[in-house]
Amino acid sequence: MIKAIIFDLDGTICDTLTDLGECTNQALADFNLPPHKIEEYRKIVGNGVDTQMRRAIGEEKYTKELADQVKAAFKAYYDKNYLRNTKPYEGMEEALDELSKMGLKLAVFSNKPDEFAGKLCRTLFGERFELIAGNRAGIPVKPDPTGLFLALEKLGVKPEECLYCGDSSVDMDTGKNAGITTIGVEWGFRTREELEEHDACYVIQKPSQLPQLVKKLMA
């Protein structure tokens, strides 16, 4: 019996790529570091903000001290500009409403810093999510399942009663590590091949297919 669906955020429920990339590039420029093309951020983001900084800076110039400074600058820029280009994927709001009408609990579990995850989701999606959990101190980033287990506990559901939906290998590995059925989405930052290589249980092409799939799984 499926009782809940937990979603990744960036690249899954909304397209945040341009704002993430532009704000990171602004932070890099503050320290005379070269920028990246926005498309390159498809591979740079997804594993938490610390890894994002490391990839953006590059191994040759990376130091923990520099990364912390760039991260602080990025957060300042992102705090002001996180909704400049970001918007829900087409059909996502309708899909969430349909899932909610089916009696499912909806939640978000993301590697995005918790302070951004919460306000972004509430601004774009209102009260649709019962729980919004971003990365926070003391909780390892995905694919470690610790934060996902905490989310399940707060929702009051077991792993076998939940689905985890995301756009990357990190998400598929997180769900697998937690013993949760995974749904990969093709509209996000990564490829179908990556999702399949990391054992996605199902892969869908557009948000409108999500309620259809869930209905079949609940039948």
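Restricting to region 72-86, name every residue that is open to solvent by 30 Å² or more (accessible area, probe 1.4 Å) and either of a type outside the set (Ser, Thr, Tyr) or at positive phi (or both). Result: 72, 75, 76, 79, 80, 83, 84, 85. Scanning region 190-199 for residues that are within 28 Å of residue 150 (Cβ to Cβ) and surrounded by fewer than 23 Cβ atoms within 10 Å (Cβ to Cβ) yields 190, 194, 197, 198, 199. Entry remark, region 149-177: residues being part of a helix (DSSP H, G or I), open to solvent by less than 10 Å² (accessible area, probe 1.4 Å) and within 21 Å of residue 218 (Cβ to Cβ) number 4 in total. Taking the criterion of being within 20 Å of residue 172 (Cβ to Cβ) and without any contact (Cβ under 8 Å) to a residue 40 or more places away in the chain, the only residue of region 95-138 that qualifies is 133. For residue 171, state whether it is in contact with a Phe, Trp or Tyr (Cβ under 9 Å, 6 or more places away or on another chain) and of a type in the set (D, E, K, R). Judged against the criteria, residue 171 is a match.
Hey, can you tell me all the residues within region 115-130 that are open to solvent by less than 30 Å² (accessible area, probe 1.4 Å) and touching a helix residue (DSSP H, G or I) at 6+ places or on another chain (Cβ under 8 Å)? The answer is 116, 125, 129. Among the numbered conditions (1) part of a loop (DSSP other than H, G, I, E, B); (2) farther than 26 Å from residue 133 by Cα, the only one that residue 28 does not meet is (1). The criterion of being among the β-branched types (Val, Ile, Thr) and in contact with an Asp or Glu (Cβ under 7 Å, 6 or more places away or on another chain) does not hold for residue 51. Take the conditions touching a strand residue (DSSP E or B) at 6+ places or on another chain (Cβ under 6 Å), polar (S, T, N, Q) and either closer than 20 Å to residue 166 by Cβ or in contact (Cβ under 8 Å) with a residue 40 or more places away in the chain (or both) and apply them to residue 81. Does it pass? The answer is no for residue 81. Listed by first and then second residue, the pairs linking a residue in region 23-42 that is open to solvent by 30 Å² or more (accessible area, probe 1.4 Å) to a residue that is at pLDDT below 95, with Cβ atoms under 6 Å apart and 6 or more places separating them unless they lie on different chains, form an empty list.
The values are calculated or read from the model by the stated rules, or taken from the named source; none is laboratory data. On a predicted model such as this, the values are computed, not experimentally measured, just so you know. All Cβ positions, glycine included, derive from the backbone under ideal geometry; neighbour counts span all protein chains shown. With ligands, DNA and RNA removed, areas are computed over all heavy atoms of the protein, side chains included. Shrake-Rupley method; radii C 1.70, N 1.55, O 1.52, S 1.80 Å.
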